[in-house]
Amino acid sequence: MANDCLFCKIIAGTIPCNKVYEDDEVLAFRDIAPQAPTHVLVIPKKHITGPAAVTEEDDSLMGRLLRAARQVADREGLSDYRLVCNNGAGVGQSVFHLHLHILGGRPMGWPPG
Ligand code: 5GP
Ligand code: ZN
């Protein structure tokens, strides 16, 4: 728990969220500014600042995170979806607590912008 972290406050329940999945290590909730018909954020309850801060200790947690994302996508009825995990402000990271964006429900171009 980082006191100044928005997502840690969501995990603690001090800031509300529209929760779609929770287990002992992972939480998923709808993005406040959706960029697609389905836009869900999947986060570890452990405060990790971003993908570059993942360590060997987190190996099983990262597997849990990916499997939780698949469960959310299944529940949303998505077979095709995009997982985005930004690392650094230069590519758009604005919350420094690791999160996977699940984006789906509309066609998407490649490469991303
Ligand atoms: P990033 O830009 O760091 O990859 O993604 C952060 C995401 O968090 C953004 O898509 C933004 O819309 C979302 N977000 C920021 N503040 C809140 C909030 O208070 N609640 C929810 N549900 N999403 C938020
Ligand atoms: Zn945090």
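Can you name every residue in region 36-72 that is over 18 Å from Glu25 (Cβ atoms) and surrounded by 14 or more Cβ atoms within 10 Å (Cβ to Cβ)?
At the first step, the residues of region 36-72 found to be over 18 Å from Glu25 (Cβ atoms) are 36-39, 52.
Once the filter is applied, which keeps residues that are over 18 Å from Glu25 (Cβ atoms) and surrounded by 14 or more Cβ atoms within 10 Å (Cβ to Cβ), region 36-72 yields Ala36, Thr38, His39.
Considering only region 47-94, how many residues are in contact with a helix residue (DSSP H, G or I) (Cβ under 7 Å, 6 or more places away or on another chain) and within 25 Å of Asn3 (Cβ to Cβ)? Please lay out each step first, then the result.
Initial filter on region 47-94 (in contact with a helix residue (DSSP H, G or I) (Cβ under 7 Å, 6 or more places away or on another chain)): 47-48, 54, 81, 83, 85, 87.
With within 25 Å of Asn3 (Cβ to Cβ) added as a condition, the list becomes 47-48, 54, 85, 87.
Total meeting the criteria: 5.
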Region 24-52, residues that are closer than 30 Å to Pro107 by Cα and among the acidic types (Asp, Glu): Asp31
Enumeration of residues in region 23-35 that are more than 12 Å from the chain's Cα centre (by Cα) and away from ligand 1 (no atom under 11 Å from the Cβ): Asp23, Asp24, Glu25
Complete set of residues in region 19-28 that are open to solvent by 10 Å² or more (accessible area, probe 1.4 Å) and either of a type in the set (A, V, I, L, M, F, W, C) or in contact with a Lys or Arg (Cβ under 6 Å, 6 or more places away or on another chain) (or both): Val20, Glu25
Tally of residues being more than 7 Å from ligand 1 (Cβ to nearest atom), open to solvent by 60 Å² or more (accessible area, probe 1.4 Å) and touching a residue at least 40 places away in the same chain (Cβ under 8 Å) across region 1-18: 1
Residue tally, condition within 16 Å of ligand 2 (Cβ to nearest atom), in contact with a helix residue (DSSP H, G or I) (Cβ under 7 Å, 6 or more places away or on another chain) and not charged (D, E, K, R), over region 1-28: 7
Some residue of region 54-62 being at positive phi and modelled with pLDDT of 95 or more: no
Residues (touching a Gly at 6+ places or on another chain (Cβ under 7 Å) and open to solvent by less than 50 Å² (accessible area, probe 1.4 Å)) located in region 89-113: Gln93, Leu98
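The values are calculated or read from the model by the stated rules, or taken from the named source; none is laboratory data. Source: prediction; values computed, not measured. Reconstructed Cβ throughout: ideal geometry from the backbone, glycine too, with neighbour counts over all protein chains shown. Protein only, heavy atoms only, side chains kept; ligands, DNA and RNA dropped before computing areas. Shrake-Rupley method; radii C 1.70, N 1.55, O 1.52, S 1.80 Å.
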